[in-house]
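Report on one structure; see the data block that follows.
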Amino acid sequence: MKILVCITHVPDTTSKIQFTDNNTKFDKNGVQFIIGPYDDYALARAVELKEQSGGSLTVLNVGEAETEPTIRKALAIGADEAIRVNAFPKDSLFVANQIAHYAKEGGYDLILMGRESIDFNGGMVHGMVGEILGMPSISPVMKLDIEGNIGKMAREIEGGKEYLEVSLPFIAGCQEPISEWKIPNMRGIMSARTKPLNVVEAISEETSTAVDAFQLPPAKGAVKLIDKDNVEELVKLLKNEAKVL
Amino acid sequence: MSILVYIEQAEGAIKKTSLEAVSYARALADNEGTGVTAVAMGSIENSQLAKVGAAGADKVLHVNNERLNAGIIQAHASAVAQAYKKVEAKTLILAKSSLGDAVAARLAIKLNAGLVSNVTDLPDTSSGYKVKRSIYTGKAFAETSISTEHKILAVKKNAVDLKTDGVEAEVELFEVALSEDDFSAKITSTDQATGDVLLPEADIVVSGGRGMKGPENWNLIEDLAKSLGAATGCSKPVSDIGWRPHHEHVGQTGVKVAPTLYIAIGISGAIQHLAGVNSSKYIVVINKDADAPFFKAADYGIVGDAFEVLPKLTEAVKALK
Ligand SMILES: Cc1cc2nc3c(=O)[nH]c(=O)nc-3n(C[C@H](O)[C@H](O)[C@H](O)COP(=O)(O)OP(=O)(O)OC[C@H]3O[C@@H](n4cnc5c(N)ncnc54)[C@H](O)[C@@H]3O)c2cc1C
């Protein structure tokens, strides 16, 4: 089985989000970048599936040279080789077009990625790639097994889950608890240095959206503390002041 | 010409977030001088469809096909695309949800439409077409322009107020042509909590963390939730250890909620948890540690032991009602 895992390169979940250049650019100052947590789940499951049934595991990232340490980490976790599409990921359509092109070229049986990126939270790329390639796309997938030619999955729905089956090839947007995040070991880190990381060029410049400006939410006022022996006061405030009861 | 709204249902009941999307479309249509048509899939009673009119639609296209009761992504996308062409729409509105996202993404390609998700406000069309969306898991917003003629907006909960005083909508049965490819994903079973308020849709959420000590104490959370008509949630470690089901896990890697009231009990307020709740209108924190970071993100707080405070709070809420 040939598996492709698409990863994002995003600010660590504890990052303070700030903007520069008159609120038109993300401020990378002091920010650590990681593999998107949802993509990291997809990658972890892909490593397990490869261990079970053999085949190959490729990671793909659409990003400029700065994303290579993140890609190397994915190689250290267990991918065999990597593709970096050398372009700034302008919008979902732009990224989906690149992934669809290189996924088709590589003839993958299974394409995994996170349910959404944690920077723009769009959750759209898997569905777009599916539609471009005419393949089923399933998301958010919280359990995935491959039996022969069939993918057996659980998809999270509001208030529960739905079990489904679909034939390879297909695309899945993944989330926990599909697997547990894997931490690269020393051997993985050493071998990642020499695994192939192929840099390719973008095949299309098409976009449909653009960010004009960023904005931070207004600062929160101070908390109003209520004595623990006077909980009736809290109920009164919720009713009369916040008007939510 | 009309704005089209994609409606989701569960067990025949139309989702409240979809009705909000209808109200959003109504406000947009009033600005543009167009109409609102909604498309609903599967077996739905007319009494449920009437809510779509009350929320602001002029017309409902009902695809009364049992096979569409389940959220089969490709089949829903094909059906919505046919409705979109029929009403000659230029804009599709839907509620942000796990199914909504998946269907919208396929439609963006099918309809050559620019898609923006997590939309928090009506578009600004004074120059170009700009929408505000929530990004960085609620930690920021992006003013986003759409450059395509066709547009899809996936609207975040509470972007507009739900309208309930709309007129009766005309219901038309709508036949769609679906291929077997549209049903290539076969749903074998579903496992759904019934009778509870669904977490992503709830107006009030009562959420417990590791401070609740164990699943045997969850009756305290459930009693308070019941008294408030609220949904229950939890922090990630609580679902990781299996005290609560995964679909209750709130935060960066779980469900993102946007209720009017979020009550957090025995949750420390780690940044990844806050990322899932920062769109709440009001936050109440109950924690025995006065230095718990969650108090910084709260509107109201009680420093105290959950096991003492919760029963009293539940009584006080019941006394009010
Ligand atoms: C990449 C990443 C993603 C993550 N995603 C999420 C996510 O989506 N959601 C999430 O929740 N977490 C997430 N986390 C984990 C997060 O960092 C915290 O570890 C987690 O939120 C802590 O859960 P908690 O507050 O229940 O537990 P703790 O941090 O252990 O806090 C327990 C709290 O209960 C209080 N307490 C104890 N006893 C009582 C009592 N008797 N009465 C009242 N209060 C009491 C304590 O004072 C404490 O504040 C993520 C972490 C990472 C690294």
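The values are calculated or read from the model by the stated rules, or taken from the named source; none is laboratory data. Just so you know, these numbers come straight off a predicted model, no measurement behind them. Note that we place each Cβ from the backbone using ideal geometry, even for glycine, and neighbour counts take in every protein chain shown. Areas reflect the complete protein model, heavy atoms only, side chains present, ligands, DNA and RNA absent. Shrake-Rupley method; radii C 1.70, N 1.55, O 1.52, S 1.80 Å.
Points to keep in mind about this one:
- Rounded to the nearest 10 degrees, the inclination of helix B:306-320 to the longest alpha-carbon principal axis of chain B is 60 degrees.
- Here's the list of lysines a cross-link from B:K86 could span, going by alpha-carbon distance under 21 Å and ignoring same-chain residues fewer than 8 apart: B:K59, B:K110, B:K151.
- Stokes-Einstein, applied to the Kirkwood radius of the stretch B:2-183 over Cα pairs at a viscosity of 1.306 mPa s and 10 °C, places its translational diffusion at 99 µm² s⁻¹.
- In plain terms, the C-alpha convex hull of the stretch A:115-245 casts an average shadow of 16.4 nm² when viewed from every direction.
- Neighbourhood net charge (14 Å Cβ-Cβ; Lys/Arg +1, Asp/Glu -1) for B:V317: +1
- Part-to-part distance (alpha-carbon centres) for the stretch B:226-252 and the stretch B:9-52, which is given in Å: 29 Å
- Modelled label positions at B:D240 and A:K152, each set 7 Å beyond Cα in the direction of Cβ, lie 2.8 nm from each other.
- Comparing A:A210, A:A46, A:A79 in a Gaussian network model of chain A where C-alpha atoms under 10 Å apart are linked, the largest mean-square fluctuation is found at A:A210.
- The equivalent ellipsoid that matches the C-alpha gyration tensor of chain B spans semi-axes of 37, 21, 18 angstrom, in descending order.
- Only Lys, Arg (+1) and Asp, Glu (-1) charged, at Cβ; the stretch B:2-183 dipole about Cα centre in debye: 660 debye
- GNM top mover of B:A140, B:A275, B:A25 - chain B, alpha-carbon springs below 10 Å: B:A140
- About its Cα centre, the dipole of the protein assembly as shown is roughly 840 debye, where the only charges are +1 on Lys and Arg Cβ and -1 on Asp and Glu Cβ.
- Restraint check, B:K15/B:K318; A:K2/B:K186; A:K28/B:K236; A:K143/B:K321; A:K73/B:K157, Cα-Cα greater than 31 Å: A:K143/B:K321; A:K73/B:K157
- Pairing chains A and B buries close to 6900 square angstrom of accessible surface in total, based on protein heavy atoms and a 1.4 angstrom probe.
- Förster radius 45 Å - calculated FRET efficiency between A:S204 and A:K243 (Cβ-Cβ, nearest 0.05): 0.35
- Euclidean distance between Cα centres, the stretch A:69-142 to the stretch A:143-157, Å: 18 Å
- Counting only protein chain heavy atoms and rolling a 1.4 Å probe, the accessible areas of A:K228, B:K96 rank, largest first, as A:K228, B:K96.
- Ligands, DNA and RNA left out, the 1.4 Å accessible surface of the protein assembly as shown is 49% carbon and sulfur atoms.
- Net charge, B:L224 excluded, C-beta distance under 11 Å - Lys, Arg +1, Asp, Glu -1: 0
- Inter-part distance, the stretch A:187-245 to the stretch B:137-215, computed on C-alpha centroids, equals 19 Å.
- Surface calculation, 1.4 Å probe, protein heavy atoms: B:I109 sits at approximately 40 Å² accessible.
- Neighbourhood net charge (14 Å Cβ-Cβ; Lys/Arg +1, Asp/Glu -1) for B:K163: -3
- Cα-Cα separations in the protein assembly as shown greater than 48 Å, expressed as whole percent: 8 percent
- Listed residues A:L216, B:L115 arranged by accessible area, highest first, probe 1.4 Å: A:L216, B:L115
- Heavy-atom accessible area for A:C6, with the other protein chains in place and a 1.4 Å probe, reaches approximately 10 Å².
- In chain B, excluding the sites themselves, the longest stretch lacking any of the GluC sites (Glu not before Pro) that are in a DSSP loop with at most 14 other Cβ atoms within 10 Å is B:176-321.
- DSSP-defined beta bridges in chain B - what % are antiparallel, rounded to 5: 15 percent
- When A:V200, A:V231, B:V197 are compared by accessible surface with a 1.4 Å probe, the order from highest to lowest is B:V197, A:V200, A:V231.
- Degrees, to the nearest 10: B:98-110 long Cα axis against longest axis of chain B: 30 degrees
- Degrees separating the helix B:218-228 axis from the principal Cα axis of chain B, which is the longest one: 60 degrees
- For trypsin sites (Lys or Arg not before Pro), the sites in the stretch B:144-230 that DSSP calls loop and that have at most 14 other Cβ atoms within 10 Å are B:K213.
- Proximal aspartates and glutamates relative to A:K182, as straight alpha-carbon distance under 20 Å, when same-chain residues fewer than 8 apart are discounted: A:D12, A:D39, A:D40, A:E48, A:E51, A:E68, A:D80, A:E81, A:E116, A:D145, B:D240
- Point-charge dipole on Cβ atoms (K/R +1, D/E -1) for chain A, about Cα centre, debye to 20: 420 debye
- Across q = 0.12 Å⁻¹, the stretch A:2-217 modelled as identical point scatterers on its alpha-carbon atoms has Debye log10 I(q)/I(0) values of -0.61, in the order of the q list.
- Within the listed set A:G130, A:G159, A:G106, the residue fluctuating most in the Gaussian network model of chain A (springs between alpha-carbon atoms under 10 angstrom) is A:G159.
- Scattering from the stretch B:184-321 was approximated by placing one identical point on each alpha carbon and applying the Debye formula without solvent; log10 I(q)/I(0) at 0.11, 0.13, 0.15 1/Å stands at -0.36, -0.50, -0.66.
- Solvent exposure of chain A amounts to 43 Å² per residue of accessible area, where only protein heavy atoms count and the probe is 1.4 Å.
- Label-point gap, in nm, between B:D305 and A:K25 - each point 7 angstrom along Cα→Cβ: 5.5 nm
- Using heavy atoms of the protein chains and a probe of 1.4 Å, the accessible area assigned to A:R84 is about 10 Å².
- Selection of chymotrypsin sites (Phe, Trp or Tyr not before Pro), the stretch A:137-245, meeting DSSP coil and at most 13 other Cβ within 10 Å: A:W181
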